[in-house]
Amino acid sequence: MPASPDSSHMPATLAMLLEARTPIDLDISNDGKRVAFTVMENIPGEQKHRLRIWVTDTTTREARPFLSGKRDEICPRWSPDGKYLAFITQPGGEKEKPQLHLIAAEGGTSRLVCKMPNGVSELAWAPDGSRITFLALEGEQPKSDPKIITPARHNRLWAIYPDQALPEPLTPTDLTVREYT
(Lines give C-alpha, C1' and ligand atoms only; values in the text may rest on other atoms or scores of the structure.)
Protein backbone atom coordinates (compact mmCIF):
# COMPACT_ATOMS: atom_id res chain seq x y z
CA MET A 1 0.00 0.00 0.00
CA PRO A 2 1.53 3.39 -0.91
CA ALA A 3 2.26 5.79 1.93
CA SER A 4 -0.16 8.68 2.32
CA PRO A 5 1.15 12.27 2.42
CA ASP A 6 0.29 12.52 6.11
CA SER A 7 2.11 9.30 6.99
CA SER A 8 4.62 9.44 9.85
CA HIS A 9 7.07 7.28 7.92
CA MET A 10 10.02 8.94 6.26
CA PRO A 11 11.59 7.30 3.20
CA ALA A 12 15.18 6.14 3.63
CA THR A 13 17.78 8.06 1.68
CA LEU A 14 21.17 6.88 0.52
CA ALA A 15 22.84 9.20 3.03
CA MET A 16 20.79 7.65 5.85
CA LEU A 17 21.77 4.14 4.78
CA LEU A 18 25.45 5.08 4.60
CA GLU A 19 25.33 6.57 8.11
CA ALA A 20 23.56 3.56 9.65
CA ARG A 21 25.42 1.38 12.14
CA THR A 22 25.25 -2.30 11.36
CA PRO A 23 25.97 -4.84 14.13
CA ILE A 24 27.65 -8.09 13.10
CA ASP A 25 29.47 -11.01 14.76
CA LEU A 26 28.36 -11.02 18.40
CA ASP A 27 29.58 -13.04 21.39
CA ILE A 28 27.73 -13.39 24.71
CA SER A 29 29.79 -13.88 27.87
CA ASN A 30 29.24 -17.22 29.66
CA ASP A 31 27.50 -15.48 32.58
CA GLY A 32 25.15 -13.73 30.14
CA LYS A 33 25.92 -10.29 31.58
CA ARG A 34 27.77 -8.82 28.59
CA VAL A 35 27.62 -8.97 24.82
CA ALA A 36 30.53 -7.99 22.58
CA PHE A 37 29.78 -7.33 18.95
CA THR A 38 31.32 -5.72 15.90
CA VAL A 39 29.66 -2.62 14.49
CA MET A 40 30.21 -1.40 10.97
CA GLU A 41 29.92 2.37 11.17
CA ASN A 42 30.85 5.53 9.37
CA ILE A 43 33.49 7.47 11.29
CA PRO A 44 33.14 11.27 10.98
CA GLY A 45 35.97 12.73 8.92
CA GLU A 46 36.85 9.39 7.29
CA GLN A 47 35.79 8.20 3.86
CA LYS A 48 35.31 4.52 4.62
CA HIS A 49 33.42 2.52 7.17
CA ARG A 50 35.22 1.10 10.17
CA LEU A 51 34.58 -2.09 12.10
CA ARG A 52 34.68 -1.46 15.86
CA ILE A 53 33.96 -3.68 18.82
CA TRP A 54 31.17 -2.51 21.09
CA VAL A 55 30.11 -4.00 24.43
CA THR A 56 26.74 -3.88 26.09
CA ASP A 57 25.66 -4.79 29.61
CA THR A 58 22.57 -6.99 29.32
CA THR A 59 20.97 -5.54 32.45
CA THR A 60 21.30 -1.84 31.55
CA ARG A 61 21.27 -2.44 27.77
CA GLU A 62 23.70 0.43 27.31
CA ALA A 63 26.10 -0.15 24.43
CA ARG A 64 29.42 1.63 24.03
CA PRO A 65 32.49 1.34 21.84
CA PHE A 66 34.95 -0.89 23.71
CA LEU A 67 38.16 0.08 21.93
CA SER A 68 39.29 3.37 20.46
CA GLY A 69 42.01 2.33 18.03
CA LYS A 70 42.35 3.35 14.42
CA ARG A 71 42.29 -0.20 13.04
CA ASP A 72 39.30 -2.35 12.26
CA GLU A 73 38.42 -4.75 15.08
CA ILE A 74 36.62 -8.01 14.42
CA CYS A 75 35.80 -11.42 15.90
CA PRO A 76 35.28 -10.53 19.61
CA ARG A 77 35.38 -13.63 21.83
CA TRP A 78 34.92 -13.64 25.63
CA SER A 79 37.13 -15.97 27.65
CA PRO A 80 35.10 -18.67 29.42
CA ASP A 81 35.67 -16.99 32.81
CA GLY A 82 34.65 -13.59 31.37
CA LYS A 83 37.91 -11.89 32.39
CA TYR A 84 39.25 -11.26 28.87
CA LEU A 85 38.12 -10.44 25.37
CA ALA A 86 40.15 -11.82 22.46
CA PHE A 87 39.75 -10.12 19.11
CA ILE A 88 41.42 -9.56 15.75
CA THR A 89 42.68 -6.21 14.52
CA GLN A 90 42.55 -5.55 10.81
CA PRO A 91 45.46 -3.33 9.77
CA GLY A 92 45.12 -0.34 7.52
CA GLY A 93 47.99 -1.14 5.13
CA GLU A 94 48.24 -4.02 2.68
CA LYS A 95 51.58 -5.26 4.05
CA GLU A 96 50.20 -5.70 7.56
CA LYS A 97 48.09 -8.74 8.41
CA PRO A 98 45.22 -9.20 10.89
CA GLN A 99 46.54 -10.25 14.31
CA LEU A 100 45.23 -11.69 17.59
CA HIS A 101 44.88 -9.29 20.52
CA LEU A 102 43.69 -9.65 24.11
CA ILE A 103 42.21 -7.08 26.49
CA ALA A 104 40.85 -7.21 30.04
CA ALA A 105 37.04 -7.36 30.25
CA GLU A 106 37.02 -3.99 32.02
CA GLY A 107 38.89 -2.41 29.11
CA GLY A 108 42.27 -0.72 29.10
CA THR A 109 45.15 -1.35 26.75
CA SER A 110 45.05 -4.38 24.48
CA ARG A 111 48.11 -6.48 23.81
CA LEU A 112 49.26 -8.41 20.77
CA VAL A 113 49.21 -12.11 21.70
CA CYS A 114 51.29 -13.38 18.78
CA LYS A 115 52.24 -12.26 15.30
CA MET A 116 51.49 -14.64 12.46
CA PRO A 117 53.16 -13.88 9.09
CA ASN A 118 49.90 -14.26 7.15
CA GLY A 119 47.58 -13.07 9.89
CA VAL A 120 44.83 -14.88 11.81
CA SER A 121 41.10 -15.50 11.51
CA GLU A 122 38.26 -17.36 13.26
CA LEU A 123 39.08 -17.15 16.99
CA ALA A 124 37.74 -19.51 19.65
CA TRP A 125 38.65 -20.12 23.30
CA ALA A 126 39.19 -23.62 24.64
CA PRO A 127 36.30 -24.49 27.00
CA ASP A 128 38.64 -24.33 30.02
CA GLY A 129 40.05 -20.95 28.92
CA SER A 130 43.62 -22.23 28.75
CA ARG A 131 44.17 -21.61 25.04
CA ILE A 132 42.89 -19.59 22.11
CA THR A 133 42.60 -21.30 18.75
CA PHE A 134 42.63 -19.60 15.36
CA LEU A 135 43.16 -20.23 11.67
CA ALA A 136 46.24 -18.99 9.84
CA LEU A 137 47.27 -19.33 6.23
CA GLU A 138 50.59 -21.11 5.62
CA GLY A 139 53.29 -20.24 3.14
CA GLU A 140 54.21 -17.21 1.11
CA GLN A 141 51.90 -15.21 -1.11
CA PRO A 142 52.37 -16.49 -4.68
CA LYS A 143 54.00 -14.14 -7.14
CA SER A 144 51.88 -12.77 -9.94
CA ASP A 145 53.04 -15.50 -12.29
CA PRO A 146 50.22 -16.40 -14.69
CA LYS A 147 51.36 -20.05 -14.72
CA ILE A 148 50.27 -20.59 -11.11
CA ILE A 149 46.84 -22.17 -11.12
CA THR A 150 46.40 -23.08 -7.45
CA PRO A 151 49.03 -22.26 -4.87
CA ALA A 152 49.94 -24.96 -2.37
CA ARG A 153 48.87 -22.97 0.69
CA HIS A 154 46.77 -24.33 3.50
CA ASN A 155 44.76 -22.74 6.28
CA ARG A 156 45.92 -24.45 9.47
CA LEU A 157 44.42 -24.58 12.93
CA TRP A 158 46.69 -23.14 15.63
CA ALA A 159 46.50 -22.74 19.41
CA ILE A 160 48.25 -20.41 21.81
CA TYR A 161 48.34 -20.01 25.56
CA PRO A 162 47.38 -16.36 26.20
CA ASP A 163 50.46 -15.71 28.36
CA GLN A 164 52.89 -17.08 25.75
CA ALA A 165 53.96 -15.70 22.37
CA LEU A 166 54.62 -18.96 20.52
CA PRO A 167 51.58 -20.65 18.92
CA GLU A 168 51.54 -24.34 18.08
CA PRO A 169 49.96 -25.90 14.98
CA LEU A 170 47.15 -28.39 15.62
CA THR A 171 46.70 -29.64 12.06
CA PRO A 172 49.22 -30.99 9.54
CA THR A 173 50.80 -28.77 6.88
CA ASP A 174 48.94 -30.42 3.98
CA LEU A 175 45.41 -30.05 5.38
CA THR A 176 43.16 -27.01 4.94
CA VAL A 177 40.72 -26.12 7.72
CA ARG A 178 37.83 -23.86 6.74
CA GLU A 179 35.73 -24.03 9.94
CA TYR A 180 36.04 -25.60 13.35
CA THR A 181 34.27 -25.75 16.71
Restricting attention to the stretch 100-120, the residues that are modelled with pLDDT of 95 or more and polar (S, T, N, Q) number exactly 0
The residue that is modelled with the highest pLDDT, considering only those in the stretch 82-99 that are exposed (fewer than 15 other Cβ atoms within 10 Å of the Cβ) and more than 15 Å from the chain's Cα centre (by Cα), is K83
Residue pairs qualifying under the 7 Å Cβ cut-off, at least six apart or on distinct chains, with the first in the stretch 25-39 being in contact (Cβ under 8 Å) with a residue 40 or more places away in the chain and the second being of a type in the set (K, R), are D27/R77
Per the filter on the stretch 53-68, residues of a type in the set (G, A, S) and surrounded by 14 or more Cβ atoms within 10 Å (Cβ to Cβ) are A63
When every residue in the stretch 121-140 that is crowded, with 16+ Cβ neighbours inside 10 Å and not in a strand (DSSP E or B) is compared, the one modelled with the lowest pLDDT is E138
Filtering the stretch 28-78 down to residues that are assigned to a strand (DSSP E or B) and over 18 Å from the mean Cα position of the chain (by Cα) yields D57
Filter the stretch 100-120 for residues that are free of Cβ contacts under 8 Å to residues at least 12 places away in the same chain and within 17 Å of D163 (Cβ to Cβ); the one that is surrounded by the most Cβ atoms within 10 Å (Cβ to Cβ) is R111
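The values are calculated or read from the model by the stated rules, or taken from the named source; none is laboratory data. What you see is a predicted model; the values in this text were computed from it and never measured. Every residue, glycine among them, receives a Cβ derived from its backbone with ideal geometry; neighbour counts consider all protein chains shown.
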